[in-house]
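The structure under discussion appears below in the form of structure tokens.
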Amino acid sequence: MSLRSDKWIRRMAVDHKMIEPFTDTQVREANGKKLVSYGLSSYGYDLRVAEEFKVFTNVYNSIVDPKHFQPEAFVDIRGESCVIPPNSFALARSVEYFRIPRNVLTLCIGKSTYARCGIIVNVTPFEPEWEGYVTLEISNTTPLPAKIYAGEGLAQVLFFVAEEVCEVSYADRKGKYMKQMTITYPSI
């Protein structure tokens, strides 16, 4: 596998609609206001977080169990930002819709601006032929509330192209998170 550059990402985004909407440059400012950067970078793409969040609350003394997930343990928040309680987490989704080619695997890692504030972003790899909006898990590891800004960068996607095409893709397996349009809870 080899890591792909901005030229390859641009071509795939424009010609094959791999990323929509696609921002061809690194955006760091808008309307005179500094932003957590997003858009095309040297060897990746910094995705943005949308204005919808599901913030975990332990009001029901829930156990977080992927086999018996309880959506009522989350509070829905919409807006230009979201405050995540101390030692808690939120689910969110990307602004961008991704269509991953059959010979590509991505890794998505949190941006250093947030990581330096104790905010960890966890996203599983985008498998070959997966498509949809990305569900993002944002953990606040600090003992203080943490603020996340919608419409700004949250994580960087790195694209790796395989030397040969996989035998069975995510689409072939009819993966359960295929073509997700909203924040998607875990399912078995």
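None of the figures in this text is laboratory data; all of them are computed from the coordinates on show. All of these numbers come straight from a predicted model, not from anything done at the bench. Here Cβ is always computed from backbone atoms with ideal geometry, including for glycine, and neighbour counts include all displayed protein chains.
Filter segment 150-188 down to residues that are touching a Lys or Arg at 6+ places or on another chain (Cβ under 9 Å) and aromatic (Phe, Trp, Tyr) and give me whichever is farthest from Val55 (Cα to Cα). Of everything passing the filter in segment 150-188, Phe160 is farthest from Val55 (Cα to Cα).
Within segment 60-111, track down each residue that is closer than 21 Å to Arg4 by Cβ, part of a loop (DSSP other than H, G, I, E, B) and of a type outside the set (Lys, Arg). Correct list: Ile100, Pro101, Asn103.
Only one of Thr124, Thr135, Thr113, Thr141 is of a type in the set (Ser, Thr, Tyr), touching a Gly at 6+ places or on another chain (Cβ under 9 Å) and without any contact (Cβ under 8 Å) to a residue 60 or more places away in the chain. Can you tell me which?
Exactly one of Thr124, Thr135, Thr113, Thr141 is of a type in the set (Ser, Thr, Tyr), touching a Gly at 6+ places or on another chain (Cβ under 9 Å) and without any contact (Cβ under 8 Å) to a residue 60 or more places away in the chain, namely Thr141.
For the structure I just gave you, tell me whether Glu96 is closer than 23 Å to Tyr185 by Cα, in contact with a Phe, Trp or Tyr (Cβ under 8 Å, 6 or more places away or on another chain) and surrounded by fewer than 14 Cβ atoms within 10 Å (Cβ to Cβ). No: the conditions fail for Glu96.
Glu167 meets the conditions (1) more than 13 Å from the chain's Cα centre (by Cα); (2) in a loop (DSSP other than H, G, I, E, B); (3) surrounded by fewer than 18 Cβ atoms within 10 Å (Cβ to Cβ); (4) touching a residue at least 12 places away in the same chain (Cβ under 8 Å) in every case but one. The failed one is (4). Can you find even one residue in segment 11-18 that is basic (Lys, Arg) and out of contact with any helix residue (DSSP H, G or I) (no Cβ under 8 Å at 6 or more places or on another chain)? Yes - at least one qualifying residue is present in segment 11-18.
Would you mention how many residues in segment 123-141 are β-branched (Val, Ile, Thr) and either buried (at least 19 other Cβ atoms within 10 Å of the Cβ) or not in a loop (DSSP other than H, G, I, E, B) (or both)?
Taking segment 123-141 first, the residues β-branched (Val, Ile, Thr) are 123-124, 134-135, 138, 141.
Adding the requirement that they be either buried (at least 19 other Cβ atoms within 10 Å of the Cβ) or not in a loop (DSSP other than H, G, I, E, B) (or both) leaves 123, 134-135, 138.
The total comes to 4.
Results for (1) among the aliphatic types (A, V, I, L, M); (2) assigned to a strand (DSSP E or B); (3) under 23 Å from Tyr43 (Cα atoms), shown as yes or no for each residue.
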{"site": "Val121", "(1), (2), (3)": "yes, yes, yes"}
{"site": "Pro143", "(1), (2), (3)": "no, no, no"}
{"site": "Leu154", "(1), (2), (3)": "yes, yes, yes"}
{"site": "Phe159", "(1), (2), (3)": "no, yes, yes"}
